[in-house]
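Notes follow the structure.
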Amino acid sequence: MCVVVQEWKSGESPVELPGFLYGFYERKLLRSLKQDQIPRHIGVMVDGNRRWARQFNAPTSQGHQAGADKIHEFLGWCQELGVKVVTLYMLSTDNMNRSGEELDLLMGIIANTMDRLDEDEDVSVHAMGAPELLPDYLAERLNKLTSRTPVHENIHVNVAVGYGGRREIVDAVRELLHDAASKGRTMTEVADELSVDDISRFLYTRGQPDPDLVIRTSGEQRLSGFLMWQSAYSEFYFCEALWPAFRKVDFLRALRDYAGRQRRYGT
């Protein structure tokens, strides 16, 4: 597991450059990336919406909306670069403890985000989490998105809403045991034969590649339960920018850093 903090110190502001220089820098970064260096699967912890709103003395809902808008922009960058799978950590089970007013606003913004994803015929969506924790209207929209088949799949998006990493592992083990019982296997047989692959087959991301790169914005350097099983050999990149302020330049820096690493997979 490798960690990088972006190129300015915590608590400091990034150096602002004129727009034309950013364009030049973006092109330079793009030229430095080879297609075989692009991660297949990127996990993103979209963190910092509330802090971004506080910077502008704006309501929290404005920060969440800006974060939702950034998601669509980010997915466009991923499609341009050929990333095949993106997992977005949008709402954790711990977040469910926030005030009812904030949660109601956030759920509505997430629902609108799902509607916008539904408009893109080249995007497939998979919901990850506990639908019973969500309002019926949001759970129904997530189920609708998950069940539809894209016309041409350019990118697959996992939406982690009402998600907890420990809960995912518990759900996987529970489903594994139910499956074994339905086949007449004893618990002793299951325990004796249990393997890593057995549990992986029942995770929310079953059948998908594990994330190559996990990005967290806002300067926080912890997983917060995100893809705890799947990220065992992922590379990590921690960025100081708050999610609504995350720029394409920041994303390309993360990819450049990833491309320069030697992945060891625990060896």
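The values are calculated or read from the model by the stated rules, or taken from the named source; none is laboratory data. Values in this document were obtained by computation on a predicted structure and should not be read as measured data. All Cβ positions, even for glycine, are placed from backbone atoms using ideal geometry, and neighbour counts span all protein chains on display. The protein model used for the area step is the full one, side chains on, heavy atoms only, and it has no ligands, DNA or RNA in it. Shrake-Rupley method; radii C 1.70, N 1.55, O 1.52, S 1.80 Å.
Give the number of residues within segment 72-92 that are under 23 Å from Ser147 (Cα atoms) and either in a helix (DSSP H, G or I) or more than 14 Å from the chain's Cα centre (by Cα) (or both).
Adding up the residues that qualify gives 5.
Within segment 230-262, take every residue that is out of contact with any Gly (no Cβ under 7 Å at 6 or more places or on another chain) and open to solvent by 50 Å² or more (accessible area, probe 1.4 Å) and give me the one that is nearest to Gly165 (Cα to Cα).
The residue in question is Ala232.
Being surrounded by 15 or more Cβ atoms within 10 Å (Cβ to Cβ) and among the hydroxyl-bearing types (Ser, Thr, Tyr) is true for just one of Ser124, Ser99. Which residue is that?
Ser124
Sort through Ala180, Ala172, Ala160, Ala139 and tell me the only one that's small (Gly, Ala, Ser), under 19 Å from the mean Cα position of the chain (by Cα) and not in a strand (DSSP E or B).
Ala139
In segment 151-172, is there at least one residue being touching a Ser or Thr at 6+ places or on another chain (Cβ under 7 Å), farther than 13 Å from Met128 by Cβ, of a type outside the set (Phe, Trp, Tyr) and open to solvent by 20 Å² or more (accessible area, probe 1.4 Å)?
The answer is yes; a qualifying residue exists.
May I ask you to list the residues in segment 108-121 that are open to solvent by 10 Å² or more (accessible area, probe 1.4 Å) and either under 25 Å from Gly225 (Cβ atoms) or part of a helix (DSSP H, G or I) (or both)?
Gly108, Ile109, Asn112, Asp115, Arg116, Asp118, listed by residue number.
Just name the residue that is nearest to Asn49 (Cα to Cα) out of those in segment 100-129 that are aliphatic (A, V, I, L, M) and touching a residue at least 40 places away in the same chain (Cβ under 8 Å). Write out each step before concluding.
Kept after step one, since they are aliphatic (A, V, I, L, M), are these residues of segment 100-129: 103, 105-107, 109-111, 114, 117, 123, 125, 127-128.
From what's left, touching a residue at least 40 places away in the same chain (Cβ under 8 Å): 105-106, 109-110, 114, 117, 123, 128.
On the way: Leu105: 13, Leu106: 11, Ile109: 12, Ile110: 13, Met114: 18, Leu117: 20, Val123: 24, Met128: 21 Å.
Checked segment 100-129; the qualifying residue nearest to Asn49 (Cα to Cα) is Leu106.
Considering segment 55-88 alone, what residues qualify as being touching a helix residue (DSSP H, G or I) at 6+ places or on another chain (Cβ under 8 Å), of a type outside the set (A, V, I, L, M) and open to solvent by less than 50 Å² (accessible area, probe 1.4 Å)?
Ser61, Gly63, His64, Gly67, Lys70, His72, Phe74, Trp77, Gly82
What number goes with the only condition from (1) assigned to a helix (DSSP H, G or I); (2) crowded, with 20+ Cβ neighbours inside 10 Å; (3) within 18 Å of the chain's Cα centre (by Cα); (4) not acidic (Asp, Glu) that Trp52 does not pass?
Failing condition for Trp52: (3).
Conditions tested, residue by residue: (1) surrounded by 13 or more Cβ atoms within 10 Å (Cβ to Cβ); (2) under 14 Å from the mean Cα position of the chain (by Cα); (3) more than 30 Å from Arg50 (Cβ to Cβ).
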site	(1), (2), (3)
Met187	no, no, yes
Val190	yes, no, yes
Val196	no, no, yes
Ile199	yes, no, yes
Leu203	yes, no, no
Asp210	yes, yes, no
Val214	yes, yes, no
Gln221	no, no, no
Leu227	yes, yes, no
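Which of the residues spanning segment 38-51 are closer than 15 Å to Ile71 by Cα and out of contact with any Cys (no Cβ under 8 Å at 6 or more places or on another chain)?
Gly43, Val44, Met45, Val46, Asp47, Gly48, Asn49
Considering only residues of segment 1-40 that are open to solvent by 100 Å² or more (accessible area, probe 1.4 Å) and either of a type in the set (A, V, I, L, M, F, W, C) or in contact with a helix residue (DSSP H, G or I) (Cβ under 6 Å, 6 or more places away or on another chain) (or both), which is modelled with the highest pLDDT?
It comes out as Phe24.
Identify the single condition in (1) out of contact with any Lys or Arg (no Cβ under 7 Å at 6 or more places or on another chain); (2) within 20 Å of Ala127 (Cα to Cα) that Gly225 does not satisfy, given that it satisfies every other one.
In the conditions (1) out of contact with any Lys or Arg (no Cβ under 7 Å at 6 or more places or on another chain); (2) within 20 Å of Ala127 (Cα to Cα), Gly225 misses (1) alone.
Could you list, in sequence order, the residues of segment 142-181 that are among the hydroxyl-bearing types (Ser, Thr, Tyr) and under 17 Å from Arg206 (Cα atoms)?
Passing the criteria: Thr146, Ser147, Tyr163.
Under 8 Å between Cβ atoms, which residue pairs at least 6 apart in sequence (or on different chains) link something in segment 177-188 that is within 16 Å of Ile199 (Cβ to Cβ) with a partner that is open to solvent by less than 70 Å² (accessible area, probe 1.4 Å)?
Final answer for the pair search is Leu177/Val190; Asp179/Phe202; Ala180/Val190; Met187/Leu177; Met187/Ala180.
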